[in-house]
Structure formats: structure tokens, C-alpha cells
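So the structure is just underneath, and the comments pick up after that.
The values are calculated or read from the model by the stated rules, or taken from the named source; none is laboratory data. Note that this is a predicted model, so its numbers are computed, not measured. Here the Cβ is made from the backbone with ideal geometry for all residues, glycine too, and neighbour counts use every protein chain on show.
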Amino acid sequence: MKSIFFHLMPYRDLPVDFEQRYESIWVTPPNTELCDPRRVAQYYQWNLDELELADALGFDGVGVNEHHQNGYGFMASPNLMAASLARRTPNNSAIMVLGNTLALYAPATRVAEEFAMLDVLSNGRLAAGFPVGTSMDVNFCYGVTPTETRPRFREAEELITRAWTEPGPFTFNGRYNQLRYVNPWPQPLQQPHPPVWLAGGGSVETWELAAAKNYTYSYLSFFGAKFGKKLMDGFWSTMDELGIDRNPFRAGFAQQICVSETDERAEQEYLEHVTYFFNKCLHIPPYFFEAPGYRTRKSTEFAIKTNQPGAIAAAAALEKNWKTLVEEGFIIAGSPSTVADRLIEVARTLRVGNLHALLQIGSMPHELTKKNITLFAEEVIPRIRHIWDDEGWTHEWWPSGAAVRAVTAEPAAQV
Amino acid sequence: MTVTGAHTEEREVRVGPLTARVLVGGTGEPLLFLHGAAGLMWDPFLDGLAASHTVYAVHHPGSGEGEDLSHLPGIWELVLFYDELLDALGLDRVTVVGHSFGGMVAAELAANSPRRVDRLVLLAPIGLWLDEHPIPDIAGMPPTELPALVLADPTGPLARAMEVPADDPQAQFEAAMRMASILHFIWPIPDKGLDRRIHRVSAPTLLVWGEQDRLVDPAYGPAFVGHLRDARLVTVPDAGHLPHLENPAPVAEAVHGFLDTKES
């Protein structure tokens, strides 16, 4: 299994009574009141140091993503972070940009250009994430009409992949992108183009796209494997129906992870920061989650059939104490062997070959984050790296320029 | 749906690639009614109109199973849809009555086809934007706050009629799809350029506003009047954004008075 250190870049010092005083962590948290650029200057340094540490310690990839007006992830441009990482990851981790929210960009050739730049800059280490994007980002922050979210995404996906693979210049006559001359300089280094990683929360249409275009799919949620089981079962049964193989590297999932010397110590060290995340960073009112028209009829019917609204409401209503968080699988926490055992179980249950390890959670300070990353790299990765080896699958979606850490080698550099 | 005893029929009318669903009732000169975001019901207000007109009340397209909205990417195509629907119904000139979003569409239609519209009634229309009176984002708030925005009396029977059961995800979804088909044309701000076109409206126009309209502030009344060639504004007490339902008598009196003067 590939381990990617995925950084959300949260605000680590929200007020104690944030969730009582403010409507939402996303879209409307008032910036001048809550977001001090001097603190952010420090966070960005820590965030990049943490990602660079993960590269040095032998993670397979380092991951960033795009959100807007969001207190748990103020990485409006993940490409800026990825550009910095491309120059400062000597151990050649994959650079996972998961991703650029395609529907926001018209012309979407901007994404084709920036991803191509990153691919060239990193010597072919880019994984190009194509998320549909949340309703918060797409509809509320960027003003895209909810019913246009998916049509814009699909058109951009077509335009970008054509811009990467067809000789330019060519003409593209779309509904949202009309370009007489598509001819980006440069095209990407990886051939035919950087691997496309879809990321989503369980839309049926996204799975069908993954199958049709042979893209890998990552299920990104903060509610763990127990919650994700129905979704990933849906993903795999869609693959079965469409005659696609069960290569586990087609799929990934995100998991919050806390590693310490012992299970008890993990609770002492991490509880405060994890509850900060669940109470403050997920403080989002339901009406922002899904503007009317954001979700299609088909996906909503699947959501209703699998009781997603009920399950989300139930998850949100749970008291976020350590026992609940661990038992529900919202976090995987404890000693390295506890964490590794749980991850193996979860990966096999969901049948996923890519782990987006969320190791900086909520208010977690820099030193503790480094400890979490280090213990994970040194004690957990060696135990989970080879879990799919016996099935003999090839990872067709790994960036061709990234290091392949098939054997657990000594890290190239120590920090 | 009919909530009165009036005789109405539902017709399905082919309009290009779409099928329009039209409730027809009453006798007299033709009148096109365009509903707001709450959806179409044959209510006492329509009954009143049907006493003196043949009322054609059209379900706004796009909330059903099909791909209607992909044929209607914007307000321009929606206006042409109605123009073509009038042809399909064999109606050359009509009175047009629109409420809220339907008022915006009615004004757009009258601006696009001024020779087709001989009278225009706009009940609390959207379509203009005043920075000093921003129209709240109805998608960006809890549904429970809506009654207080749109009703003078947020605890009355109209408020209960607006409720969608929270424990019925299918009903919630159908309501969301209806809302989506409206938001499709007005996201993120219900100003799609009507102020550049409204001067083309030639029909005498009646504007009706509820004094306690907290969704579309009554200040929009004079703004509409200022753009129109021949307009009068009636403000109704004890009513919010649904004046024709919340305080029907003065609205009916104003509307019927306005429409009856045509013959004189």
C-alpha cells in the first residue's frame, strides 16, 4: 500500500468558543476576525516543513488539496504549495495534488498548464487530482451554479486531458470553454499524461468516470472506514458491473491517524487536537454541504438508498470522545502496532491500495506533528507497505518520475 | 394540484425538446401565470383570476426526471421557451402575471416580446439588485428560517404548508430539485441583466408588494417603477413575500381593478 502524507493546512488557533460563536468553518468564517496573516505565515512554514519531513522519512507521496474560505484548509492554491515541494523533496516522493477543483476554472486550460508545469518542474512526479469539489467551494465560494457543477467538471476534464495529449493547436468548442487555439506550453513530462486521481465523496457518476477513463479514485471523508464501507462497496460493485478489474490501487481513502509509543499515550497526546478538529473544523451547517442541484438525481437516489443523510447526521451527533472516535474509526490511534493492524484491516475491508494519511490534525502543534509523521514513517509504513504484494497487481496510477519504494530502504536524507 | 373546487385541466404541451405542463382553468381572455420558487398550486388567487380569464399556469421546467435544464442553460432560453409555449397554445397576446422568480421571468418575457404582452402583473418580482437591499441567499440558510423571511406571520398556516418533513429524504430531495431548477437561473445573485432590457416592456404594469417582505425588500417596488414606462405600485399591509396568499383581499382588488380597466 502506498502511504501519502496528506496535509489539510488548518488554522491551529481558533477561539475556544468558535463553534458556538460562528455559523461555519467554511464559506463565512469572518477573515479579519479569525485569520491572522502573521500566524498563517508561521503555519505555512510548519506545513511545508512537515511535508518535507515526510519526503525525507520515506513516505511514498506528499499530498495537498484545494479549498476556499475554509478554516481547516486554507490552501486556495495547492499548486503553489506543490511548486515549493517540487523543489524541496530530494527523496523524490510523488507530489499528490488532490487536486484542482476543475469546475472553478474557465478556461480550464489554466489547470492543464499549471499541472503540466508542476509535472515538468518535479521531473514527472505529479499525480493530477481532479475533484468535483464541494458545494461549499464550488457553489458558495466561487458562485458556480449548482446544476452546472458536474457539466463544468466533465467538460474541463475532457479539455485538460486533450490539451495534454493532442498535438496543439486545436480548437475546443465547449459550452463553458470556447477556445480557438488550445496549445499549452509545455505539455506534461509523463506520458501520455500525469496519472489522474479522482477524489470524491461518493457520487455514482464519478465512479463511472473512473471506470470509463481508467482513473484511480480516492474516497475522501473524515469519518473513517466504517462509514466508508458502503461507499467503497458501491465503488467496487460499479467496477464489477462495468467489467473493470479489482486492482486495489484503483482506490484510495483518507484516514486521520495518531501514532505514539503506546495506546494510552496516544490518547494523552492527541485527544485535544482531534476533538478540536471534529468540533471546530467540521463545524459546517448542512445547507452549505449541498446547494440544491449540486448532487444529481442518480447520486441522491443512491445516497438515500444507503441512508447517507442519516449516517452523516448520526456521525455528526456523536460525542467526540476518544473511545467513540476510535471505535467508530474516525481516527486510527495508538501504538505503531495497533495503528498498523487497524490500517491493514481497514485497507483490506475497503480494498484500497492508497492511504492518504492525515497526520496533522486540527490544532496539533508542529513538534507533535513531526513525532506523528516520524513514528508513522519508521514504525508503521514498513508494516503496511507490502500488504497487497501477494496479489501481484501493478500500480498503474503512480507518477512515473516518483521514487518506487518497493523495498523499505534507508531514507535518503535525515532531517 | 388543486386546493379549490375550480375546474382545471392539466395539459402537456410540446415545446421543442421539452414538454411543458400547464394547468388551465376559467374562461375569458388568456392569462399566463408564472409561479415562484415555492412551486405551482391552483390556489384561491388563481381561482380569482379564472373568474374573468382563461388562466394558463405553467409548471417551471426542470424539476422533474428529464434533462430539461440542459436545454435551458440560461434566462434567454427560458424566455424563448415561454414565447414558443404561447405559440404552441395558440395564444397571440396575453396578460402575464408572475410571482417572485415568475415575476422576473414575466418581466423578461415582456421585454423580449413586448407585442405579445398587453398587461403585466408582477407580485414581489426578483430580477433587479440594489446593493443597499441585498436579497438574502435562500440556499445559504437553514430552511427553518425561510418562513420568517417570506411571511408577515411566520407561525400561521402558510408557514406550516411550506414545511418539508425533515425525516423524509425523498420529499427533501424533490423539494431540493424544485429549488435547484429555479436557482439554475438566478445563482448566485438574482440579477441576470433585466435592468438592461426592462425598458423594452410596453405593457401597462401593476406591481404588488407586501409591506413585510423581508426577502425582496419593498424598496425594489420603486426601483421597478423607475425602469418601466407605465407602472403603478400597490403595497399591501400584513403580508410578506406571498402577498396574494397571505393577505389576498387587497391583492385581488388591486389586480382585478387593474385588469378590468383594460376593457374600458
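Hey, among the residues in the stretch B:172-193 that are among the hydrophobic types (A, V, I, L, M, F, W, C) and part of a loop (DSSP other than H, G, I, E, B), which one's nearest to the other protein chains (Cβ to nearest Cβ)?
Here is the first cut: in the stretch B:172-193, the ones among the hydrophobic types (A, V, I, L, M, F, W, C) are B:173, B:175-177, B:179-180, B:182-183, B:185-187, B:189.
Imposing the further condition that a residue be part of a loop (DSSP other than H, G, I, E, B) reduces the set to B:187, B:189.
On the way: B:Trp187: 4, B:Ile189: 8 Å.
The selected residue is B:Trp187.
Out of the residues in the stretch A:287-328 that are buried (at least 17 other Cβ atoms within 10 Å of the Cβ), within 10 Å of chain B (Cβ to nearest Cβ) and within 14 Å of A:Phe223 (Cα to Cα), which is modelled with the lowest pLDDT?
A:Pro309
Determine whether B:Thr27 is among the polar types (S, T, N, Q), assigned to a loop (DSSP other than H, G, I, E, B) and without any contact (Cβ under 8 Å) to a residue 60 or more places away in the chain.
Yes.
Consider B:Ser63 carefully, then state whether it is within 14 Å of chain A (Cβ to nearest Cβ), over 22 Å from B:Glu246 (Cα atoms), part of a helix (DSSP H, G or I) and of a type outside the set (Val, Ile, Thr).
no
Report yes if A:Lys280 is in contact with a helix residue (DSSP H, G or I) (Cβ under 6 Å, 6 or more places away or on another chain) and either among the polar types (S, T, N, Q) or touching a residue at least 60 places away in the same chain (Cβ under 8 Å) (or both), otherwise no.
So A:Lys280 passes the test.
Is it the case that A:Ala163 is more than 11 Å from chain B (Cβ to nearest Cβ), in a helix (DSSP H, G or I), of a type in the set (Gly, Ala, Ser) and over 23 Å from A:Phe289 (Cα atoms)?
On the way: more than 11 Å from chain B (Cβ to nearest Cβ): yes; in a helix (DSSP H, G or I): yes; of a type in the set (Gly, Ala, Ser): yes; over 23 Å from A:Phe289 (Cα atoms): yes.
Against the criterion (more than 11 Å from chain B (Cβ to nearest Cβ), in a helix (DSSP H, G or I), of a type in the set (Gly, Ala, Ser) and over 23 Å from A:Phe289 (Cα atoms)), A:Ala163 qualifies.
Within the stretch A:114-135, track down each residue that is closer than 23 Å to A:Tyr219 by Cβ and either at the interface with chain B (Cβ under 10 Å from one of its Cβ atoms) or in a loop (DSSP other than H, G, I, E, B) (or both).
Answer for the stretch A:114-135, where residues must be closer than 23 Å to A:Tyr219 by Cβ and either at the interface with chain B (Cβ under 10 Å from one of its Cβ atoms) or in a loop (DSSP other than H, G, I, E, B) (or both): A:Val132, A:Gly133, A:Thr134, A:Ser135.
Out of curiosity, is A:Glu261 within 21 Å of the chain's Cα centre (by Cα) and in contact (Cβ under 8 Å) with a residue 40 or more places away in the chain?
So A:Glu261 fails the test.
Which residue pairs have Cβ atoms closer than 7 Å, lie 6 or more positions apart in sequence or on different chains, and pair a first residue in the stretch B:148-171 that is within 14 Å of chain A (Cβ to nearest Cβ) with a second residue that is exposed (fewer than 12 other Cβ atoms within 10 Å of the Cβ) and in a loop (DSSP other than H, G, I, E, B)?
Within 7 Å, the pairs are B:Ala171/B:Pro165.
Is it fair to say A:Trp207 is aromatic (Phe, Trp, Tyr), out of contact with any Pro (no Cβ under 8 Å at 6 or more places or on another chain), modelled with pLDDT under 95 and not in a loop (DSSP other than H, G, I, E, B)?
Yes: the conditions hold for A:Trp207.
Restricting attention to the stretch B:203-232, which residues are free of Cβ contacts under 8 Å to residues at least 60 places away in the same chain, over 18 Å from B:Gly102 (Cβ atoms) and in contact with a Leu (Cβ under 8 Å, 6 or more places away or on another chain)?
Residues satisfying the conditions are B:Pro222, B:Val225, B:Arg232.
Sort through B:Leu86, B:Leu130, B:Leu46 and tell me the only one that's out of contact with any helix residue (DSSP H, G or I) (no Cβ under 7 Å at 6 or more places or on another chain) and either surrounded by fewer than 22 Cβ atoms within 10 Å (Cβ to Cβ) or modelled with pLDDT of 95 or more (or both). Walk me through it before giving the result.
Numbers: B:Leu86 fails: out of contact with any helix residue (DSSP H, G or I) (no Cβ under 7 Å at 6 or more places or on another chain); B:Leu130 fails: out of contact with any helix residue (DSSP H, G or I) (no Cβ under 7 Å at 6 or more places or on another chain).
Just one listed residue meets the conditions, B:Leu46.
If we scan the stretch B:82-97, do we find a residue that is away from chain A (no Cβ under 14 Å), touching a Gly at 6+ places or on another chain (Cβ under 6 Å), assigned to a strand (DSSP E or B) and under 29 Å from B:Ala161 (Cα atoms)?
no
Return yes when A:Tyr43 is surrounded by fewer than 24 Cβ atoms within 10 Å (Cβ to Cβ) and in contact (Cβ under 8 Å) with a residue 40 or more places away in the chain and no when it is not. Outline the logic, then answer.
Numbers: surrounded by fewer than 24 Cβ atoms within 10 Å (Cβ to Cβ): yes; in contact (Cβ under 8 Å) with a residue 40 or more places away in the chain: no.
No.
Under 9 Å between Cβ atoms, at least 6 apart or on separate chains: pull out the pairs that start in the stretch B:119-147 with a residue that is free of Cβ contacts under 8 Å to residues at least 12 places away in the same chain and end on any residue that is part of a helix (DSSP H, G or I) and surrounded by 15 or more Cβ atoms within 10 Å (Cβ to Cβ).
Once the first residue is free of Cβ contacts under 8 Å to residues at least 12 places away in the same chain and sits in the stretch B:119-147, its partners that are part of a helix (DSSP H, G or I) and surrounded by 15 or more Cβ atoms within 10 Å (Cβ to Cβ) give B:Gly140/A:Phe140; B:Gly140/A:Tyr287; B:Gly140/A:Phe288; B:Met141/A:Tyr287; B:Met141/B:Leu149; B:Pro142/A:Tyr287.
Given the condition small (Gly, Ala, Ser) and crowded, with 22+ Cβ neighbours inside 10 Å, answer yes or no: does some residue in the stretch B:182-202 qualify?
no
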